[in-house]
Amino acid sequence: MHTGVAQLKAISTMLSKGLEQQPLPNTQTDLLSDIEHHNIRGQDYYH
């Protein structure tokens, strides 16, 4: 699932609030892009 939610209660809450109608985010932020270190490659390394 795109939301990362797998528990039935959380899914039921999302559906009751109509959150499934909201658009999904287009891009995932690269949390490692601001870190400078020779061992951290970031998401672009694996694509």
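The values are calculated or read from the model by the stated rules, or taken from the named source; none is laboratory data. Bear in mind the structure is a predicted one, so any value in this text is a computation, not a measurement. Every residue, glycine as well, gets a Cβ built from its backbone with ideal geometry; the counts of neighbours run over all protein chains shown.
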Please count how many residues of the stretch 1-34 are surrounded by 10 or more Cβ atoms within 10 Å (Cβ to Cβ) and at pLDDT below 75. 5
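Could you tell me how many of the residues in the stretch 13-35 are among the small types (Gly, Ala, Ser) and either in contact with a helix residue (DSSP H, G or I) (Cβ under 9 Å, 6 or more places away or on another chain) or in contact (Cβ under 8 Å) with a residue 24 or more places away in the chain (or both)?
As a first pass, look at the stretch 13-35 and keep what is among the small types (Gly, Ala, Ser): 16, 18, 33.
In the following step, the residues that additionally are either in contact with a helix residue (DSSP H, G or I) (Cβ under 9 Å, 6 or more places away or on another chain) or in contact (Cβ under 8 Å) with a residue 24 or more places away in the chain (or both) were identified as 33.
Residues in the stretch 13-35 being among the small types (Gly, Ala, Ser) and either in contact with a helix residue (DSSP H, G or I) (Cβ under 9 Å, 6 or more places away or on another chain) or in contact (Cβ under 8 Å) with a residue 24 or more places away in the chain (or both): 1 in total.
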